[in-house]
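Written out below as structure tokens is the structure these notes cover.
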Amino acid sequence: MAGRRRRGGSDGCNPDLSDDSRAGMARNRREILRFMYGYYEAAFDALPLEHMPALAPRLLDAGVCFGFADPVTNIIANTVCFLPDEDGEPEPNGAKKRKMKTMASGQARARDEILSKIVAGDVPSSLEARTIAERSLEGLVSFLTSYFRYLPTWDTLRYLCLARADLLVAVHLIEHDRCYRRKDEFGIRSHTAKTALKCAACSARQPNIDAFLTCSFSLVSHLSVIAQTVPAGRRCRLSIQDICWLSGLLLKPVKLKNSQNPMKLAALRLDQYGIEKVPPMLTESLRGVLLDKIRVVYLKAISRMPMEDFRSLHHHGLLKGGYCYGPFSPISNIIVNTVWYGTAFPAAQAFELDMICTRISIRTESRSLDGLINLLRARISEISEHDAMVYLLKNNLKVCKAVLMARQDGHNTSSCNASAYKAAADAARHPEPEAYVQFAIKSLPVVSSAVKALLTTHTLSSSDILCLSRLLSPSRSYPSKSLEPIDELTKDAIEMLSSYKENFFTQQKFVRRKVEAALQNCEQTKGQYELRVICAVNDSVGRKSFRDLKYPYSHVNFWASPKAGTSLTLFFAEVSNDEEDDETQQSFCRPVLDPSTNVRCCYCEFEGTRIVHPVEGYCGGAMDFEKMASGRHTITNARIISHGELKACPVGILGEEYIYFDPARDANFIRAMNQSAWAANLDWGDEIRRIRQMRA
């Protein structure tokens, strides 16, 4: 059945690739449904409905076209799965002949009647009255938006249109557009894939979700056998014996093997559909994918630095000027830029920090990406932002390799000169852009070989960092934008600043206590690890409704090391926000072995925090996505994308900048704080009356 040619519908696929409006989405929906109607006709012709009439209502009830095979095979498998025993019994020959004679005149009418229940009108049906084709479409959209981050519904419909409503072909197209490497490609055994399939079943209102899941995974393990029974490329009618055999085969739960990969067959169908090149559509989504990669790079860079030095000194350099662009690998660039900035522009006040400010780190990562994109565009002539992001994805954020690939593609390229670094520094809003350009062009090349040799050590020691600081220390002071304070904080602004600082350190103390308690009670580590540094916190996890102003949990990433060693392990913790709760019951933590694993959390994505999660067992995971798919959650995919983008790409001055406030360099922050303090103390009633008097 794989590769069966589509019947009915339009001869070609003309997805609306440019219109995000309701009208454009509706056109793509109609095109997808036309493909589906052809698949249902083919499935209808293959099923022995005249001999097994119970198959017809089963098809209309559970025969969705999504799963891990081609659409027609999925429809048939989902229809015959878990049939009652009596439906599979062959009829006696005499009864069979009499029934066939009686049904002969009405067979065409019955066929049209069943198909009419699949075909929908132009107006979407109500939730209860949706046809099996409409429910299949809902399931397809739900699977893709549950599996892939940053995928809005309009892009999902475009891909499904290009993929002829074939789920795994759509997965293949999206992975191609996002430049996934082999290790990141779709894995049917992954927890995220299983969750996405269950979300699809919930969204499609499948009558027996557990049976559907068993059938889907059993189908994968028997695809080759089923293809031999029902050969692809020719029409065939299944017998009663075939249906009984298929039903029994798909009934048995199986353990999938690594060799059983349905994506190989999906790639063949992609060729059969004649899709040569996918129009670029994921410009907004690509930014989210790149920020995920940049987050992992920052986590690794932090882990390579000596924790005592980082917590007491270099957290300032990392968040102020530790960007990931430069002449080395992204991780090495972060370390070099962090140490250089901390040496050239030391903090106004040194203090030890146990917790990196999450909002500032999010902004640093976003600005790093802006710098990378503009550095690449400065070196490759006439390249779009979208193409720059594609080159960065294909080359794992390495600018030099991206430039080489662009040159091989026929683009004119230039060296990494002062104008290129200036473009990067300006785009990243570097606090000292002129000094950074001078450092990158003049100072760093002189010591480049020695710096490279130092950075070959995976985990740097305090002496390594000291040596690196000496290599990168400027021979003369760099000019600062403002050496003397131009403005001063008002009394109200100073009080506000003091309050902000007190709140931050109170939160740091609270999170540290919660994390240490969770780490002490972690079953996997048996209390043998100690906290080194907290990397990110999302304290807005688990709100049950919009009226409920309190969030019960926080999600935390932190580095910890064995008490008897120095190697670092990344941990995830879910801790209670309740001061009074028993931490041993309300909080837990687990090591996260692979920071790049595709694991989702609706609450952390909604807040724009790229916290690395374990595979399962946390608030915001599989159960929440299933509720989203069935419309029972306060968060939707659209809200995750829109709100998450705002949070993940902050603009302007952040209130959290008070942590590193320097009166000699932060004139804009002084003005912003003074304005905020004035507005907070303003009597708006008096102000409105004053304005009215002025107008009168």
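The values are calculated or read from the model by the stated rules, or taken from the named source; none is laboratory data. Model, not experiment: these values are computed from the prediction. We place every Cβ from the backbone using ideal geometry, glycine too, and count neighbours over all the protein chains shown.
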Condition broken by residue 424, with the remaining ones in (1) over 18 Å from residue 289 (Cβ atoms); (2) in a loop (DSSP other than H, G, I, E, B); (3) touching a residue at least 40 places away in the same chain (Cβ under 8 Å); (4) within 29 Å of the chain's Cα centre (by Cα) satisfied: (2)
Residue tally, condition within 25 Å of the chain's Cα centre (by Cα) and either assigned to a helix (DSSP H, G or I) or of a type in the set (D, E, K, R) (or both), over the stretch 341-374: 17
Residue list for the stretch 404-417, restricted to those being without any contact (Cβ under 8 Å) to a residue 24 or more places away in the chain and loosely packed, with under 13 Cβ neighbours inside 10 Å: 408, 409, 410
Residue tally, condition under 19 Å from residue 70 (Cβ atoms), more than 13 Å from the chain's Cα centre (by Cα) and either of a type in the set (D, E, K, R) or assigned by TED's automatic domain parsing to the domain that holds residue 596 (or both), over the stretch 163-182: 2
The lone exception for residue 429 - which of (1) outside any helix (DSSP H, G or I); (2) touching a Ser or Thr at 6+ places or on another chain (Cβ under 6 Å) it fails: (2)
Single match in 335, 380, 356 (criterion: touching a Ser or Thr at 6+ places or on another chain (Cβ under 8 Å) and either crowded, with 20+ Cβ neighbours inside 10 Å or under 27 Å from residue 451 (Cβ atoms) (or both)): 380
Residue within the stretch 30-52 that is assigned by TED's automatic domain parsing to the domain that holds residue 115 and without any contact (Cβ under 8 Å) to a residue 12 or more places away in the chain present: no
Count of residues meeting criterion [basic (Lys, Arg) and touching a Cys at 6+ places or on another chain (Cβ under 9 Å)] in the stretch 590-613: 2
Filter result (surrounded by fewer than 17 Cβ atoms within 10 Å (Cβ to Cβ) and either aliphatic (A, V, I, L, M) or at pLDDT 90 or above (or both)) within the stretch 541-550: 549
Positions within the stretch 300-312 being in a helix (DSSP H, G or I) and either among the aromatic types (Phe, Trp, Tyr) or crowded, with 24+ Cβ neighbours inside 10 Å (or both), in sequence order: 302, 310
Meets criteria (at pLDDT below 95, in contact with a helix residue (DSSP H, G or I) (Cβ under 6 Å, 6 or more places away or on another chain) and surrounded by fewer than 18 Cβ atoms within 10 Å (Cβ to Cβ)) for residue 498: no
Any hit, the stretch 439-448, residues being assigned to a loop (DSSP other than H, G, I, E, B) and over 25 Å from residue 303 (Cβ atoms): no
The stretch 53-63, subset without any contact (Cβ under 8 Å) to a residue 40 or more places away in the chain and part of a helix (DSSP H, G or I), residue farthest from the chain's Cα centre (by Cα): 57
Residue in the stretch 146-162 that is over 22 Å from the mean Cα position of the chain (by Cα), modelled with pLDDT of 90 or more and among the polar types (S, T, N, Q) present: no
